[in-house]
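Report on the following structure.
The values are calculated or read from the model by the stated rules, or taken from the named source; none is laboratory data. It should be emphasised that the depicted structure is a prediction, and the values quoted were computed from it without experimental measurement. Ideal geometry is used to build each Cβ from the backbone, glycine not excepted, and the neighbour counts take in all protein chains shown. Surface accessibility is based on the protein's heavy atoms, side chains included, excluding ligands, DNA and RNA. Shrake-Rupley method; radii C 1.70, N 1.55, O 1.52, S 1.80 Å.
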Amino acid sequence: MANRILYVEDNPQNMRLVRKFLNMAGYEMLEAVDGLSGLDMASKEEPDLILMDINLPDIDGLEATIRLKAQPQLTHIPVVALTANAMHGDKERCLAAGCDGYIPKPVNRNELLSTVENLLAQCIPNNGTK
Ligand code: MN
């Protein structure tokens, strides 16, 4: 079964680009356009990995990640922060919020796929059924 990746992103162009990269690599992509619907979808779908935009219209991606990681049934899901703010200390802030990886925008296809692949390979399933 294909790994399912949730992308929380409010920018349609980024959504389209990442969807293309992930679909071509054989992943199934779930989509949410803001932080709260992303949290909702994460609980409902329990994806294998989450790509998290940081600048979102409601709660930001850091807050969304903190809330995700606080839920015992979701805490094992790797979260990768995607951000255009290539500011000093940005990566550290994402990791401090509980993100497992960090990709600066614009998203580079090889960087995205290798980050996703590495995290999925390290990931210990929370049960034996999938
Ligand atoms: Mn955004």
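Straightening the chain between Ser114 and Arg93 buys 5.4 nm, computed as 0.36 nm per residue apart minus the Cα-Cα spacing. Among Thr115, Thr83, Thr65, the largest mean-square fluctuation in a Gaussian network model of the chain (Cα springs under 10 Å) belongs to Thr115.
Taking a ≥ b ≥ c as the square roots of the eigenvalues of the Cα gyration tensor of segment 45-114, is the shape rounded (a/c under 1.5), prolate (a/b larger than b/c) or oblate? Don't skip to the answer; put the middle values down first.
On the way: a/c = 1.78, a/b = 1.29, b/c = 1.38.
In terms of gyration-tensor shape, oblate.
Per residue, the chain exposes 52 Å² of accessible surface when a 1.4 Å probe is rolled over the protein heavy atoms with every protein chain present. Taking the helices alone, the chain has a mean residue ellipticity at 222 nm of -12500 deg cm²/dmol, built from -39,500 (n - 2.57) per DSSP H run of at least 4 residues and averaged over all its residues. The share of C-alpha pairs in the chain whose separation exceeds 18 Å stands at 48 percent. Under a Gaussian network description of the chain, with springs only between Cα atoms under 10 Å, the residue in Ala32, Ala42, Ala96 that fluctuates furthest is Ala96. Lacking any other cysteine beta-carbon closer than 4.7 Å, the following Cys residues of the chain have no compatible partner: Cys123.
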